[in-house]
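K.L.:
The structure follows.
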Amino acid sequence: MEKGSFHTSQADERVKTIPLPNQLPKGLDFTEIHPSALKSSALETLISQNEDLMARLSVSLRKTSELEERLSASESENQSLRARFDTLKQQFLVVQEKDRMSSLRATQLQSENLEQKSRAHKLEKLYADLFVQPRRSSAD
């Protein structure tokens, strides 16, 4: 290879003519076959089989392509759903923690409420003992 130029070999050219898996190969070139050989029943059978196989290959390639597209779409949807699930899971954990804290606070407030009621009851009793009874005694 000379500096600054690219050479292509015959092998490179031949490789370019080979169809890719998602492409159909070229059909047979019947110009190279003798006309008398074309009339042979064996050759006609082979040509018929070749055409049948080419049609089947074409259908299989289309189905494969369609299935690959569906798979890609399903994978994309799956990834989207997983991301959505993770987001919802995080939101659920936040709500669950808030609920736990609210329950704890509610229990604490109920306990304080009971203590205050008990204290108020004791104070009312003390008030009654200290102020109400002496007034009754002095009123008598």
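The values are calculated or read from the model by the stated rules, or taken from the named source; none is laboratory data. Because the structure is predicted, anything quoted here is derived from the model rather than measured. We place every Cβ from the backbone using ideal geometry, glycine too, and count neighbours over all the protein chains shown.
K.L.:
Going through ASP129, ASP99 one at a time, which residue ends up being without any contact (Cβ under 8 Å) to a residue 24 or more places away in the chain and within 39 Å of the chain's Cα centre (by Cα)?
P.N.:
Selected residue: ASP99, the only one of ASP129, ASP99 that is without any contact (Cβ under 8 Å) to a residue 24 or more places away in the chain and within 39 Å of the chain's Cα centre (by Cα).
K.L.:
For residues that are in a helix (DSSP H, G or I), surrounded by 11 or more Cβ atoms within 10 Å (Cβ to Cβ) and either at pLDDT 90 or above or of a type in the set (Gly, Ala, Ser) (or both), tally how many sit in region 38-52. First the steps, then the outcome.
P.N.:
Keep residues of region 38-52 that are in a helix (DSSP H, G or I), which gives 38, 41-52.
Adding the requirement that they be surrounded by 11 or more Cβ atoms within 10 Å (Cβ to Cβ) leaves 38, 43-44, 46-47, 50-51.
In the following step, the residues that additionally are either at pLDDT 90 or above or of a type in the set (Gly, Ala, Ser) (or both) were identified as 50-51.
Number of matching residues: 2.
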